[in-house]
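See below for the structure under consideration.
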Amino acid sequence: MLTTTTMLSANHQLAIPIDLCEQQHWHIGQQLVLIPKENGVLLMPAPSVEQLVGIAKQAINHHGYRDRQDRF
C-alpha cells in the first residue's frame, strides 16, 4: 500500500499524486466523494447512477410498518 502526503493549496485544493491515481484507477475529471470521519476524511469515487440502481431493493419491510398517524 502506497503512503504519501500532499498539501492543501491556498484555493483549498489537493493535488493527488499520479502513482496513487493510477493505483486506484482514478482518471482526470472523475468525481470523487469526501466522507468525513472521526480522525480524517475518506476519499473514494462517486458512484454512478448505474451502480446505484437496485441498491435499496428489499430495504423496505412492509410487514409491521407503522405510519406517522400510528405513533403515540
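The values are calculated or read from the model by the stated rules, or taken from the named source; none is laboratory data. Here the structure is a predicted model, which means the values were calculated and not measured. Here Cβ is always computed from backbone atoms with ideal geometry, including for glycine, and neighbour counts include all displayed protein chains.
Residue-wise test of (1) under 25 Å from residue 51 (Cβ atoms); (2) of a type outside the set (Val, Ile, Thr); (3) touching a Cys at 6+ places or on another chain (Cβ under 8 Å); (4) exposed (fewer than 10 other Cβ atoms within 10 Å of the Cβ).
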position: 9; (1), (2), (3), (4): no, yes, no, yes
position: 23; (1), (2), (3), (4): yes, yes, no, no
position: 27; (1), (2), (3), (4): yes, yes, yes, yes
position: 30; (1), (2), (3), (4): yes, yes, no, no
position: 36; (1), (2), (3), (4): yes, yes, no, yes
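Count, please, the residues in the range 34-72 that happen to be modelled with pLDDT under 70 and acidic (Asp, Glu).
2
For the range 12-31, which positions are of a type in the set (A, V, I, L, M) and either at pLDDT 95 or above or part of a loop (DSSP other than H, G, I, E, B) (or both)?
Here is the first cut: in the range 12-31, the ones of a type in the set (A, V, I, L, M) are 14-16, 18, 20, 28.
Hits for the range 12-31 are 15, 16, 28.
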